[in-house]
1. Summing +1 for each Lys or Arg and -1 for each Asp or Glu, what net charge is found among the other residues whose Cβ lies under 14 Å from the Cβ of E62?
2. Would you work out the charge dipole size for region 150-255 about its Cα centre, treating the Cβ of every Lys and Arg as +1 and the Cβ of every Asp and Glu as -1, and quote it to the nearest 20 debye?
3. Report the gain in length on full extension from E44 to R216: 0.36 nm times residue separation, minus Cα-Cα distance, nm rounded to one decimal.
4. Local charge sum around A242 (other residues, Cβ-Cβ under 14 Å, Lys/Arg +1, Asp/Glu -1)?
5. Testing the spin-label approximation: label points 7 Å from Cα along Cα→Cβ at R183 and D121. State their distance in nm.
6. Sort 171-179, 43-51 by the packing proxy (mean of other Cβ within 10 Å over each peptide's residues), most packed first.
7. How long is the gain from L52 to R209 if the chain were fully straight, where each residue apart is worth 0.36 nm and the alpha carbon distance is subtracted?
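Every number here is computed from the coordinates shown, using simple stated rules; none is lab data. If you're wondering where the values come from, they're calculated on a predicted model, not measured in any experiment. Every residue, glycine among them, receives a Cβ derived from its backbone with ideal geometry; neighbour counts consider all protein chains shown.
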Amino acid sequence: MRAAVVLTGTTSINSAIITARYLTRLKALCSFERRIGTLASITEIAEQIRTLLDATNQAREEALRLAREVIRFSANSVRASHREEYDTARQLMAEARTRNDQMRELLKTHPEIYYAGYVQDAQKEYAEAELTYAIISEQSLPRHDELGVEPPAYLNGLAEAIGECRRRVLDLLRHGNLDRSERILNIMDEAYYALITFDYPDAVTQGLRRQTDMVRAVLERTRADITLLQQQQELENTIRSAIEQLSNGTRSENS
């Protein structure tokens with residue numbers, strides 16, 4: 001009887017030990033499975049993020065290429081406008097417009113790239129080309145939404161277009177075309193007075209205040225150049241009139 005009790009107690013102890021070992025292994029197995037599940041979850045998350053970043057990087061590379069082309073076509077268009085090659089200027093602006101539209105469409109789902117800076121720089125150059133052409137050819141200025149550019153890019157492009165128009169005025173003055181020079185100067189004046197009404201922080205206008213300061217200096221120099229030419233023409237006319245009067249007087253005396 002006593003032996004049976006001892007045997008039963010021993011069996012119970014062994015069962016408890018086995019059960020404890022089993023539970024320990026079961027917990028270890030569950031912990032391992034949880035770790036495997038966690039690792040699988042991290043891997044899946046990482047792959048999802050990698051896919052998103054790959055797409056963002058591809059969009060960035062393509063946007064950079066398009067932005068460079070917009071800038072190149074715009075610069076060539078400005079050059080053609082100065083040479084009065086207006087058909088060529090319009091063709092180049094159309095190429096720049098196409099690239100700008102492609103860039104905007106590409107970056108619809110990537111605002112972090114669209115507003116990174118270089119897209120606005122390209123749009124500013126495109127706006128400058130369109131506005132320079134419009135001012136030089138004395139046409140109505142296009143609106144920013146017609147061009148498909150952001151408002152700050154448009155305003156900064158307008159400021160730089162005024163600087164380009166000074167070059168055109170000087171070319172006209174060299175050829176003695178004072179009337180057209182004054183008409184272009186009047187357009188430049190109107191654009192400047194519109195620009196100075198935008199009294200916003202540089203973070204909003206992307207440094208427009210510095211541009212308007214440049215424009216004011218450009219206008220002052222251009223007005224001075226036109227005034228000097230006017231005075232020279234008046235002096236030449238006065239001298240020519242005096243010479244004619246002297247010549248007529250001399251002929252009268254001789255006769």
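1. Around E62, the charge tally is +1.
2. Values: 13 positive and 17 negative charges, 43 e Å.
So the dipole magnitude of region 150-255 works out to roughly 200 debye.
3. 56.1 nm
4. Once all neighbours under 14 Å are counted, the net charge is -2.
5. For the pair R183/D121, the computed spacing is 3.7 nm.
6. Per-residue mean Cβ counts within 10 Å order the peptides as 171-179, 43-51.
7. Using 0.36 nm per residue and subtracting the Cα-Cα distance, I get 52.7 nm.
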